[in-house]
Protein chains: 2
Amino acid sequence: MYDVTIAADARSIALSAGTTAPVRFHAIWLRDNAWDPETRSPGNGQRLIALRDIPADTAIASAEVAGNKLRVTFTPEGKTVDYDIAWLLAHAYDRAHAQGRGRAAPRIETWDSGLMSAVPVADFAVVKSDPAALRGWLAQVARYGFGKLTNGPVRDGALFDVVDLFGYVRETNYGRHFEVRTEVNPTNLAYTGLGLQAHTDNPYRDPVPSVQVLYCLESSAAGGENMVVDGFRAAERLKAENPDWFDVLSRHCARFEYAGSEGVVLRSRRPMIELAPDGELVAVRFNNRSTAAITDVPFDEMETYYAAYRRFGEIIDDPTMEVTFRLNPGESFVVDNTRVLHARKGYSGTGTRWLQGCYADKDGLLSKLAALSGSFAEAAE
Amino acid sequence: MYDVTIAADARSIALSAGTTAPVRFHAIWLRDNAWDPETRSPGNGQRLIALRDIPADTAIASAEVAGNKLRVTFTPEGKTVDYDIAWLLAHAYDRAHAQGRGRAAPRIETWDSGLMSAVPVADFAVVKSDPAALRGWLAQVARYGFGKLTNGPVRDGALFDVVDLFGYVRETNYGRHFEVRTEVNPTNLAYTGLGLQAHTDNPYRDPVPSVQVLYCLESSAAGGENMVVDGFRAAERLKAENPDWFDVLSRHCARFEYAGSEGVVLRSRRPMIELAPDGELVAVRFNNRSTAAITDVPFDEMETYYAAYRRFGEIIDDPTMEVTFRLNPGESFVVDNTRVLHARKGYSGTGTRWLQGCYADKDGLLSKLAALSGSFAEAAE
């Protein structure tokens with residue numbers, strides 16, 4: 001089924017499956033990615049050797065296909081290693097590499113208000129007891145950057161039960177959790193009318209908390225809906241409208257600062273739109289309250305920067321971008337704070353609103369999802 | 001002492017102090033960075049308005065200097081704001097901006113084994129009780145990326161007292177802390193001889209834990225010194241030796257993975273040398289044990305990538321790069337895990353070695369340092 005040929009310089013092989021184009025792998029890459037028990041721990045999959053233990057002049061002595069295995073012998077070590085061909089093809093790098101600046105990662109999906117009819121939601125009691133349901137909900141959180149939970153306990157600290165589903169609390173100067181408590185009455189309606197602009201939390205923190213949990217314990221006031229906006233979709237829109245504006249926000253660092261409590265002076269220097277070196281969207285930071293003086297943009301680009309920053313905010317404010325939902329007592333939501341902005345709508349009428357919030361991190365969430373998805377066996381293969 | 005002139009289009013001003021070149025500021029930047037009580041909360045310094053609240057056609061109606069203040073009136077708002085000229089000049093962006101890829105941030109200093117004679121060290125009991133001493137030690141940790149503490153308690157969990165000096169534990173799947181315990185005896189000397197290559201911890205985690213604390217509780221074995229290497233200096237050296245090799249490690253994402261425990265599948269996609277968009281060094285990730293198959297490098301660059309990765313490791317292994325020190329019971333060290341690699345030397349003889357380790361984050365550490373340095377008053381000005 002598969003054919004293998006060795007390049008003339010013996011530094012790579014080409015694997016082909018009849019009609020498809022051959023896929024090449026270098027000798028040094030193959031040797032470094034051997035899964036034999038001297039190279040990788042059979043127990044935990046960790047590499048037991050370093051690149052320094054592999055000769056720099058590693059080349060292919062022989063290569064042959066046997067069924068779904070590729071057997072390669074390397075010089076000068078004289079070492080023979082078997083590879084699973086499916087694993088090799090799944091990790092092929094001899095391919096067109098996505099290069100577009102501002103593209104979303106393959107496994108995520110950006111959205112706008114059209115998602116309102118399909119807000120990712122699950123029943124807390126169900127996901128707590130059913131791993132498949134938990135996997136389904138975490139997959140939605142990973143794909144859309146947020147997810148709601150209903151039917152949770154109405155109890156001080158219940159938000160930690162949500163974090164326990166997937167990870168660990170990130171404690172900060174605000175504590176392990178913080179209170180969001182408001183008394184709404186006619187005399188302070190003016191203040192609630194101020195309307196928080198959608199934002200990411202704590203952009204002045206580096207590393208930024210990558211997950212936020214908000215848990216509702218009381219909600220007797222009308223209004224006060226939660227609103228989320230996909231910052232990655234906003235970045236995509238900005239780029240489609242004006243590539244120069246996208247560029248100026250991604251090529252220069254902004255500055256963020258919070259010094260509102262005694263003994264706390266948090267500062268960061270990161271772009272509002274952060275990209276991986278190959279252009280994939282990594283993070284959005286947007287928070288008017290804590291944006292500090294921007295000093296890393298050259299004079300000749302500052303007006304363009306401000307035009308871009310303004311337009312980015314307008315896109316974020318555009319009602320066609322927002323998804324709103326109400327949290328009732330025992331309901332909560334989880335948001336990817338590196339991507340999805342959140343805000344609270346104003347209140348009307350009287351009543352109380354009590355939420356508890358905390359931070360956590362995406363590494364735990366994505367690890368839990370991968371483990372539930374059975375990737376464990378593949379990863380430790 | 002100062003002169004101010006308004007540009008013909010009224011979109012910027014130029015501030016000059018006699019002999020020095022004028023420094024320009026845009027109207028929109030000035031307006032956005034006003035510190036009047038309608039723009040910034042006098043209490044916590046947070047901005048009370050968003051850019052959407054500032055007219056896009058903001059221009060300068062008038063500007064005048066009075067002593068150390070600049071008074072600007074903006075159109076169309078008709079709003080007058082006073083600026084502290086020293087603050088403006090400290091935040092000037094009309095200047096040459098550093099552009100070199102791979103440069104270290106201004107407030108850090110890279111090092112090699114020459115630092116061995118001046119390892120940043122402080123007495124735990126002193127820094128715990130004396131804020132000035134704590135500030136001095138934290139300043140060294142921020143500058144050099146690591147610091148040692150002596151004279152701490154020999155007590156299970158004492159490492160948390162170290163974290164309490166500056167921040168908060170980052171809990172992970174390894175717990176709030178982890179044990180590093182070894183029985184050294186002749187029958188397992190072979191294993192200790194394996195020699196861990198210097199590495200950063202948990203590169204498979206995103207966000208990576210940005211601080212690690214290692215605390216010694218028992219150390220009766222000879223050897224087992226701790227060793228640290230400045231990853232930023234290693235990156236600088238790689239660039240000096242071969243700019244293409246520096247580029248290939250910074251322009252492409254590596255992949256890291258850990259799936260060694262049941263229910264844990266941690267994966268990240270980040271470059272080994274991470275730069276800010278303007279080229280400043282942000283982080284180094286280097287860990288042979290958890291580097292996964294690298295699949296984001298095009299075929300034509302993979303051999304260059306491996307040559308660069310190999311040379312980067314050789315530089316890291318170079319004894320002229322390393323600083324070693326011994327931890328005795330009650331001694332600990334803190335390391336910036338986004339920058340400084342660490343390793344443990346092999347043992348000789350018999351005995352026991354017991355360390356406890358945990359993770360924390362740099363935001364807290366740098367915040368504590370800034371607060372102790374009196375920046376609080378300036379930041380909330």
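Please treat every number below as a calculation from the coordinates, not as lab data. Every value quoted in this text rests on a predicted model; they were computed, and no experiment measured them. As a convention, Cβ positions derive from the backbone with ideal geometry for all residues, glycine included, and neighbour counts pool all protein chains shown.
Looking at the square roots a ≥ b ≥ c of the eigenvalues of the Cα gyration tensor of the range A:303-365, which shape do they give, rounded for a/c under 1.5, prolate if a/b is larger than b/c, or oblate? It comes out oblate by the Cα gyration axes. Between B:Ala86 and B:Asp156, residue separation times 0.36 nm minus the direct Cα-Cα distance comes to 20.2 nm. With 0.36 nm allotted per residue and the present C-alpha distance subtracted, the B:Glu314-B:Ser261 stretch has 16.0 nm of extension available. Qualifying GluC sites (Glu not before Pro) in the range A:62-127, where qualification requires a DSSP coil assignment and no more than 12 other C-beta atoms within 10 Å, are lacking entirely. Within the range A:217-231, what residues put their amide N at less than 16 Å from the label point 7 Å along the Cα-to-Cβ vector of A:Val119? From the range A:217-231, the list is A:217-230.
Here the simple spin-label model places points 7 Å from the Cα toward Cβ, and for B:Lys345 and B:Ala139 these points are separated by 3.1 nm.
State whether chain A is rounded, prolate or oblate according to the following rule on the C-alpha gyration tensor (a ≥ b ≥ c being the square roots of its eigenvalues): a/c under 1.5 gives rounded; otherwise a/b larger than b/c gives prolate, and the remaining case gives oblate. It is prolate, given that a/c is not under 1.5 and a/b is the larger ratio. Here the protein assembly as shown is assigned +1 on the Cβ of each Lys and Arg and -1 on the Cβ of each Asp and Glu. Its dipole about the Cα centre then comes out at about 480 debye. Considering only A:Thr350, A:Ala105, A:Ala7, the residue lying farthest towards the positive end of the dipole of chain A is A:Thr350, judged by Cα position with unit charges set on Cβ.
Springs between Cα atoms under 10 Å define the GNM used for chain B, and in it the highest mean-square fluctuation of B:Val180, B:Val119, B:Val248 occurs at B:Val180. Remark: the range A:289-294, residue by residue, has Karplus-estimated 3J(HN,Hα) of 5, 10, 6, 8, 4, 8 Hz, where x stands for each Gly or Pro and the curve is 6.51 cos²θ - 1.76 cosθ + 1.60 at θ = phi - 60°. When only alpha carbons are used to place a centre, the range A:317-331 and the range B:220-272 end up 41 Å from one another.
Mean silhouette area of the range A:2-90, derived from the convex hull of its C-alpha atoms and averaged over all directions, reads 5.8 nm².
Here the spin labels are modelled as points 7 Å beyond Cα on the Cα-Cβ line, and at B:Glu218 and B:Ala17 they lie 6.1 nm apart. Going by the alpha-carbon gyration tensor, a ≥ b ≥ c the square roots of its eigenvalues, is the range B:53-130 rounded (a/c under 1.5) or, if a/c is not under 1.5, prolate (a/b greater than b/c) versus oblate? Since a/c reaches 1.5 and a/b is larger than b/c, the shape of the range B:53-130 is classed as prolate. Residue-wise HN-Hα couplings along the range B:307-324, as the Karplus relation 6.51 cos²θ - 1.76 cosθ + 1.60 with θ = phi - 60° gives them from phi, are 5, 5, 4, 4, 5, 4, x, 5, 5, 4, 7, 5, x, 6, 9, 9, 10, 10 Hz; Gly and Pro carry x. Restriction of the GluC sites (Glu not before Pro) in the range A:199-283 to DSSP coil positions whose beta-carbon has at most 10 other beta-carbons within 10 angstrom yields A:Glu262. Each residue of the range B:112-120 was assigned a 3J(HN,Hα) from its phi angle through the Karplus curve 6.51 cos²θ - 1.76 cosθ + 1.60 (θ = phi - 60°); the sequence is 10, 5, x, 6, 3, 7, 9, 4, x Hz, with glycine and proline shown as x.
Its relative contact order, with pairs defined as Cα atoms under 8 Å and 6+ residues apart, puts chain A at 24 percent. Sorting B:Met1, A:Met227 from the fewest to the most surrounding beta carbons within 10 angstrom yields B:Met1, A:Met227. One Cα centroid belongs to the range B:25-97, the other to the range A:114-179; the line between them spans 42 Å.
Summing Cβ point charges (Lys, Arg +1; Asp, Glu -1) relative to the Cα centre of the range A:264-381 gives a dipole of roughly 760 debye.
Between B:Asp9 and B:Ala105, the C-beta separation translates, for a Förster distance of 22 Å, into a calculated FRET efficiency of about 0.05.
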